[in-house]
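What follows is a single structure, written as structure tokens, with notes after it.
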């Protein structure tokens, strides 16, 4: 289930980071890294627990930290996604504003040519 989240998240984060590096893309990438580290730690703890027969409070604390790392990484990813969305909305607004200015300038040039 988590791999179904991580694979497209990694593909998107890496592609976005290469295409248009921004703070949102960096936070997306960090979220992917943290989630992946959490999954790897969880798998290592499960293997170590079964293979070496480890138990006790130390393993429980390490397991808790590794289990909490996954949702923290997902939360960081979501924050990065929101930042990227806000940045994209600002870019679209700016493009619309510049297109409006260009159209107004073209109209003014046409009027001046018609007068003179």
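Values in this text are rule-based calculations from the coordinates and carry no lab data. Since the structure is predicted, the reported quantities are computational estimates derived from the model, not experimental observations. So basically every Cβ, Gly included, is an ideal-geometry build from the backbone, and we count neighbours across all protein chains shown.
For the Cα atoms of the chain, what angle does the longest principal axis make with the long axis of helix 57-115, in degrees from 0 to 90, nearest 10?
Long axis of 57-115 versus the principal axis of the chain: about 10 degrees.
How far is the Cα center of the stretch 76-106 from the Cα center of the stretch 1-36, in Å?
The stretch 76-106 and the stretch 1-36 have Cα centres separated by 21 Å.
What does the highest-first list of 103-110, 41-48 look like by mean Cβ count within 10 Å? Could the numbers behind the result be given before it?
Numbers: 103-110: 10.0, 41-48: 13.9.
Most protected by this proxy first, the peptides run 41-48, 103-110.
If one takes the longest principal axis of the Cα atoms in the chain, at what angle in degrees, from 0 to 90 and to the nearest 10, does the Cα axis of helix 23-52 lie?
10 degrees
Among rounded, prolate and oblate, which fits the chain when a ≥ b ≥ c are the square roots of the eigenvalues of its C-alpha gyration tensor, a/c under 1.5 means rounded, and a/b larger than b/c means prolate? Walk me through the numbers before you get to the answer.
Values: a/c = 6.99, a/b = 4.88, b/c = 1.43.
Note, shape of the chain comes out prolate.
With angles folded into 0 to 90 degrees, how steeply does helix 2-19 sit against the dominant principal axis of the chain? Use alpha carbons for both and round to 10.
Once rounded, one gets 40 degrees.
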